[in-house]
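See structure below.
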Amino acid sequence: MPQRQPTPPLLDRAHFLPVAESVPAARKFVAHTLDTWALPHLREDACLCVSELVTNAVTHAYAVLVNVTLTLHGDRLRIEVTDDEPANPPPNRIPSPAPDDEGGRGLLLIAALGVASGWTTTLRTKTAWVEFPLATT
């Protein structure tokens, strides 16, 4: 019986300016990519998470560019948002905003929607990411 070759990961990437108009543009990019990859069932949660991640990068990073990368590998979709401001990493834990706080729920929402999330930093960049299972439960 012939062995099945592993499927290489799919990858799509877009670059955005750090302006408010990039948030809906990033959502549109994610929706289009997921439709192209035949994953429309992930569109709603993925677009909501990318909105939060790009909003954080635009609001807090003072970046020159915000990069959004989608990777489909194995049984997961990974969304990464990278900016060139490593000095402003997300908090070490997910915040617990007060009921009357106007913000501070984005990372909480991302953690609830994805199966894994986090961030990494290098000397030049910061990347926040979230992963989703491909199969629906």
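The values are calculated or read from the model by the stated rules, or taken from the named source; none is laboratory data. What you are looking at is a predicted structure, and each value in this text was computed from that prediction instead of being measured. Methodologically, a virtual Cβ is constructed for each residue, glycine included, from the backbone with ideal geometry; neighbour enumeration extends over all protein chains shown. Surface accessibility is based on the protein's heavy atoms, side chains included, excluding ligands, DNA and RNA. Shrake-Rupley method; radii C 1.70, N 1.55, O 1.52, S 1.80 Å.
Does residue 14 qualify as being at pLDDT 90 or above and among the hydrophobic types (A, V, I, L, M, F, W, C)? For residue 14, the condition - at pLDDT 90 or above and among the hydrophobic types (A, V, I, L, M, F, W, C) - is met. Can you find a residue that is modelled with pLDDT of 85 or more, more than 19 Å from residue 62 (Cβ to Cβ) and in a helix (DSSP H, G or I) anywhere in region 103-110? Yes: one or more hits.
Please verify whether region 66-75 includes one or more residues that are more than 15 Å from residue 127 (Cβ to Cβ), modelled with pLDDT under 95, charged (D, E, K, R) and not in a helix (DSSP H, G or I). Can you show your working first?
Step one: list which residues in region 66-75 are more than 15 Å from residue 127 (Cβ to Cβ), which gives 72-75.
Adding the requirement that they be modelled with pLDDT under 95 leaves 72-75.
Okay, now just the ones that are also charged (D, E, K, R), so 75.
Now restrict to residues that are not in a helix (DSSP H, G or I): 75.
Yes: region 66-75 contains one or more residues that are more than 15 Å from residue 127 (Cβ to Cβ), modelled with pLDDT under 95, charged (D, E, K, R) and not in a helix (DSSP H, G or I).
Only one of the numbered conditions (1) open to solvent by less than 50 Å² (accessible area, probe 1.4 Å); (2) at pLDDT 90 or above; (3) over 12 Å from the mean Cα position of the chain (by Cα) is not met by residue 86, and that is (2). Close Cβ contacts (under 9 Å, 6 or more residues apart or on different chains) running from residues in region 29-47 that are under 20 Å from residue 112 (Cα atoms) and open to solvent by 70 Å² or more (accessible area, probe 1.4 Å) to residues that are of a type in the set (D, E, K, R) and in a helix (DSSP H, G or I) comprise 43/35. May I ask you to list the residues in region 116-128 that are open to solvent by 40 Å² or more (accessible area, probe 1.4 Å) and either touching a helix residue (DSSP H, G or I) at 6+ places or on another chain (Cβ under 8 Å) or not hydroxyl-bearing (Ser, Thr, Tyr) (or both)? Those that are open to solvent by 40 Å² or more (accessible area, probe 1.4 Å) and either touching a helix residue (DSSP H, G or I) at 6+ places or on another chain (Cβ under 8 Å) or not hydroxyl-bearing (Ser, Thr, Tyr) (or both): 117, 119, 123, 124.
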